[in-house]
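In what follows, a single structure is set out as structure tokens and then discussed.
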Amino acid sequence: RHRFWETQPVGQFKDAGRGGLSEGPIEPPTPLSAVKPEPYNLPALYQWTTCDMDDEQTCAEVYNLLTDNYVEDDESMFRFNYSKEFLQWALRPPGYFKAWHIGVRVKATKKLVAFITGVPGRIRVRKDIIRMAEVNFLCVHKKLRSKRLAPVMIKEVTRRVHLENIWQAAYTAGVILPTPVTTCRYWHRSLNPKKLIDVGFSRLGARMTMSRTIRLYKLPEATATPGFRKMELRDVPAVTQLLREHLRLFVVAPDFDENDVEHWLLPLENVVDSYVVESPETHEVTDFCSFYTLPSSILNNQNYSVLKAAYSFYNVAAKTPLLQLMNDALIVVKQKDYDVFNALDVMHNDTFLKELKFGPGDGQLHYYLYNYRLRNALKPSELGLVLL
Ligand code: NHW
Ligand code: EN5
């Protein structure tokens, strides 16, 4: 069934429900001297390239490859359109390795035709904090599909990760592979229902008119929580503390320090936004919420070319009710003119999704670990990790 994945240290479907298998690494690390020192072989027409994401031209080539060839929904109506600024942010977190930003070029023309990346992160599984690679942006040009290029790229990123003495990875995909840690659903909160319906992202409900639909999704002009404001650099210690405390609640979650929080949560225009609640009395930061910006290209529509979407990232409601905090998030996202706010049913998100008029999407997101076995699949609410 899975000629490649059957050869890899991942939970195999055939081992499901058999018990006996314990939790933890599937294979032990090998000495670094035993890691293959030279790259895997590509088909003769292609060559490896390390993509320097600081370089404007390289970054533009990556952006163009992904814009035309990355993830689409099941009916090919929309395609993710990560911005260049987003890619630079996603690929240059603290301690990143340029060698993990891997491209494939056509030898003859130097055209970039495939890409895969890893970034380092510390991820806790139950009590163990494990250095992992977060693998993302695997993409093969549409004209080069089904030639078994992806397995070579996955082996090559694995090799380069091993060279840094890292032996585990985390990744997500819309497709089922051996074997998901958990399977999450995307939920969508309409902010601009007329446009969403016009472009086929959503449909007019039964017995609903356009004007009733617009009224249904209307939000207040201003946020409700006193002290709700944009996160600033000075908030990093307090946000780190809140987030670390919160992420303890989940079975799998990142282990963020202040450097990570500064990188991943400090607002960056049109990439990531975070808001804190600063108590008007004590000036303590009591809560925060965040979202990232990931537009989608709208394929084949006369009137619109881009869907502006915000994705729920990390939220901590320690004092403010989560429902109220997330409603304020919806209000600021609407003020910024986004069309839709998306969220997965991870962490405690299922406590606000229905109440705040999110509806279930047609897409799923499966989470995976490489070279780490869990005895049982998790519930989405046991997962404290959001990958981009
Ligand atoms: S998920 C997004 C992936 N990208 C897209 O969907 C973009 C559009 N599609 C494409 O570009 C987020 C191609 O269809 C791709 C496959 C490139 C997806 N993950 O070359 P072949 C991520 O980026 C397996 C893993 O002929 P293709 C996460 C497939 O099951 N494997 O196919 C990435 C089959 O193996 P099998 C995937 O269509 C995580 C083989 O690839 C996959 O031309 C990567 C077929 O290859 C996917 N999304 O290219 C793993 N899609 O065993 C990281 C297909 O079934 C692991 N396949 O025969 C950790 C590494 C680090 C370890 C460190 C210790
Ligand atoms: C790893 N970083 O399928 C990424 N999106 O639901 C790789 N559907 O937008 C993994 N098909 O349901 C990617 N509208 C996996 C996701 C790939 C993209 C994807 C889904 C997620 C999506 C939309 C549009 C569907 C268009 C036709 C959808 C319904 C919204 C509606 C709003 C009103 C209330 C009910 C729901």
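Quick notes on this one:
- Subset of region 193-205 (residues that are in a loop (DSSP other than H, G, I, E, B) and of a type in the set (A, V, I, L, M)): Val199, Leu204
- Look at (1) more than 16 Å from ligand 2 (Cβ to nearest atom); (2) among the hydrophobic types (A, V, I, L, M, F, W, C); (3) free of Cβ contacts under 8 Å to residues at least 60 places away in the same chain; (4) surrounded by fewer than 20 Cβ atoms within 10 Å (Cβ to Cβ) and you find that Ile166 fails only one, number (4).
- Here is the figure for region 340-362: residues that are open to solvent by 20 Å² or more (accessible area, probe 1.4 Å) and among the small types (Gly, Ala, Ser) total 1.
- Scanning region 375-387 for residues that are surrounded by fewer than 20 Cβ atoms within 10 Å (Cβ to Cβ) and within 16 Å of ligand 1 (Cβ to nearest atom) yields a count of 1.
- Test: residue in region 211-218 that is open to solvent by 70 Å² or more (accessible area, probe 1.4 Å) and more than 21 Å from Tyr338 (Cα to Cα): no
- When the helices (runs of 4 or more DSSP H) confined to region 228-341 are screened for residues that are of a type in the set (Ser, Thr, Tyr), those reaching at least 1 such residues are found at 236-247.
- Consider region 88-103 and keep the residues that are in contact with a His (Cβ under 9 Å, 6 or more places away or on another chain) and closer than 14 Å to Cys59 by Cα. The one that is surrounded by the fewest Cβ atoms within 10 Å (Cβ to Cβ) is Arg92.
- A residue that is polar (S, T, N, Q) and farther than 22 Å from Ile176 by Cβ cannot be found anywhere in region 354-372.
- Test: residue in region 179-192 that is more than 15 Å from the chain's Cα centre (by Cα) and within 6 Å of ligand 1 (Cβ to nearest atom): no
- Enumeration of residues in region 1-42 that are within 11 Å of ligand 1 (Cβ to nearest atom) and β-branched (Val, Ile, Thr): Thr7, Val10, Ile26, Val35
- Test result for Val175, over 30 Å from Val106 (Cα atoms), within 11 Å of ligand 2 (Cβ to nearest atom) and touching a residue at least 24 places away in the same chain (Cβ under 8 Å): no
- Selection within region 317-331 - among the aliphatic types (A, V, I, L, M) and either under 19 Å from Arg244 (Cα atoms) or buried (at least 22 other Cβ atoms within 10 Å of the Cβ) (or both): Ala317, Ala318, Leu322, Leu325, Met326, Ala329, Leu330
- The residues of region 153-192 that are part of a strand (DSSP E or B) and hydroxyl-bearing (Ser, Thr, Tyr), listed by number, are Tyr171, Thr172, Thr182, Thr183, Tyr186, Ser190.
- Condition met for Tyr63 (over 30 Å from Ile130 (Cα atoms) and either of a type in the set (Ser, Thr, Tyr) or within 15 Å of ligand 1 (Cβ to nearest atom) (or both)): yes
- Taken together, Ala114, Ala133, Ala108, Ala150 contain a single residue that is open to solvent by less than 50 Å² (accessible area, probe 1.4 Å) and outside any strand (DSSP E or B), which is Ala150.
- Thr225 closer than 30 Å to Phe4 by Cβ, assigned to a loop (DSSP other than H, G, I, E, B) and β-branched (Val, Ile, Thr): no
- Flag for Thr30 being open to solvent by 20 Å² or more (accessible area, probe 1.4 Å), β-branched (Val, Ile, Thr) and over 27 Å from Ile166 (Cα atoms): no
- Residue match in region 182-190 (condition: among the small types (Gly, Ala, Ser), farther than 25 Å from Asn301 by Cβ and surrounded by 19 or more Cβ atoms within 10 Å (Cβ to Cβ)): no
- Scanning region 345-384 for residues that are in a loop (DSSP other than H, G, I, E, B) and closer than 23 Å to Phe13 by Cα yields Asn371, Tyr372, Leu374, Arg375, Asn376, Ala377, Leu378, Lys379.
Table: residues versus (1) crowded, with 16+ Cβ neighbours inside 10 Å; (2) in contact (Cβ under 8 Å) with a residue 24 or more places away in the chain; (3) more than 30 Å from Lys84 (Cβ to Cβ).
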site: Gln47; (1), (2), (3): no, yes, no
site: Thr50; (1), (2), (3): no, yes, no
site: Asp55; (1), (2), (3): no, no, no
site: Tyr70; (1), (2), (3): yes, yes, no
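The values are calculated or read from the model by the stated rules, or taken from the named source; none is laboratory data. Computed from a predicted structure; not experimentally measured. Note: ideal-geometry Cβ built from the backbone for every residue, glycine included; neighbour counts use all protein chains shown. The accessibility values were calculated without ligands, DNA or RNA, using every heavy atom of the protein model including side chains. Shrake-Rupley method; radii C 1.70, N 1.55, O 1.52, S 1.80 Å.
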